[in-house]
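Q: One structure, as structure tokens, below. Some questions next.
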Amino acid sequence: MIDVLLMMLTNDDDDDNVLLQWGPYSEALQTLTSAGIPDAPAAPDIYFKSPTVAVISWQEPASNGAPVTEYHLEWTFRDDQDFMPVYCLCYVIFCITFILRLSHSCFHIGLYIKSEH
């Protein structure tokens with residue numbers, strides 16, 4: 001919520017010379033601004049429990065007035081393949097249990113916010 005006070009410029013001169021001066025404050029006006037988009041999450045932390053099991057976590061980003069309602073984690077083990085969704089919830093931690101041994105894995109984290117339309 002933002003409080004706004006406006007002041008008017010008034011002309012108290014009757015001749016051709018214009019003298020502008022500040023008038024009294026207006027009545028207070030309150031307005032509600034819309035939210036900004038959330039910040040991007042920082043790079044995730046990855047902890048390996050075993051060669052094929054990893055725990056992935058990330059810090060919740062600043063919401064900027066639009067709280068994140070859901071995170072989507074996507075994974076691929078090859079750069080030339082599409083990402084597969086592996087997680088879709090509101091928590092910032094996930095245990096992935098199907099990592100291939102000696103493979104290259106890539107992750108994307110997506111944020112979703114609830115629209116108030």
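Q: Condition first: surrounded by fewer than 12 Cβ atoms within 10 Å (Cβ to Cβ) and without any contact (Cβ under 8 Å) to a residue 12 or more places away in the chain. Can you find one or more residues in the range 66-81 that meet it?
A: Checking the range 66-81: at least one residue is surrounded by fewer than 12 Cβ atoms within 10 Å (Cβ to Cβ) and without any contact (Cβ under 8 Å) to a residue 12 or more places away in the chain.
Q: Could you tell me how many of the residues in the range 49-65 are in contact (Cβ under 8 Å) with a residue 12 or more places away in the chain and more than 13 Å from TYR91 (Cα to Cα)?
A: Our first condition is that a residue be in contact (Cβ under 8 Å) with a residue 12 or more places away in the chain; within the range 49-65, this holds for 49, 51-65.
Applying the additional criterion that residues be more than 13 Å from TYR91 (Cα to Cα) yields 49, 51-54, 62-65.
Going through the range 49-65 one residue at a time, the tally reaches 9.
Q: Any chance the range 13-31 includes a residue that's at pLDDT 70 or above and under 30 Å from CYS90 (Cβ atoms)?
A: For the range 13-31, residues at pLDDT 70 or above and under 30 Å from CYS90 (Cβ atoms): absent.
Q: May I ask you to say which residue of SER57, SER50 is under 30 Å from PHE107 (Cα atoms), surrounded by fewer than 10 Cβ atoms within 10 Å (Cβ to Cβ) and at pLDDT 85 or above? Show your work before the answer.
A: Details: SER57 fails: surrounded by fewer than 10 Cβ atoms within 10 Å (Cβ to Cβ).
Selected residue: SER50, the only one of SER57, SER50 that is under 30 Å from PHE107 (Cα atoms), surrounded by fewer than 10 Cβ atoms within 10 Å (Cβ to Cβ) and at pLDDT 85 or above.
Q: Let me ask something else about it. Please count how many residues of the range 85-117 are exposed (fewer than 10 other Cβ atoms within 10 Å of the Cβ) and of a type in the set (A, V, I, L, M).
A: Selection size over the range 85-117: 1.
Q: If we keep just the residues of the range 48-78 that are within 25 Å of the chain's Cα centre (by Cα) and aromatic (Phe, Trp, Tyr), which is farthest from TYR112 (Cα to Cα)? I'd like the intermediate steps shown before the answer.
A: Here is the first cut: in the range 48-78, the residues within 25 Å of the chain's Cα centre (by Cα) are 55-76.
Checking which are aromatic (Phe, Trp, Tyr) leaves us with 58, 71, 75.
Working: TRP58: 15, TYR71: 6, TRP75: 17 Å.
It comes out as TRP75.
The values are calculated or read from the model by the stated rules, or taken from the named source; none is laboratory data. The structure presented is a predicted model; accordingly, all values stated were derived computationally and were not measured. A quick note on method: Cβ atoms are made from the backbone with ideal geometry, for glycine too, and the neighbour counts reach across all protein chains shown.
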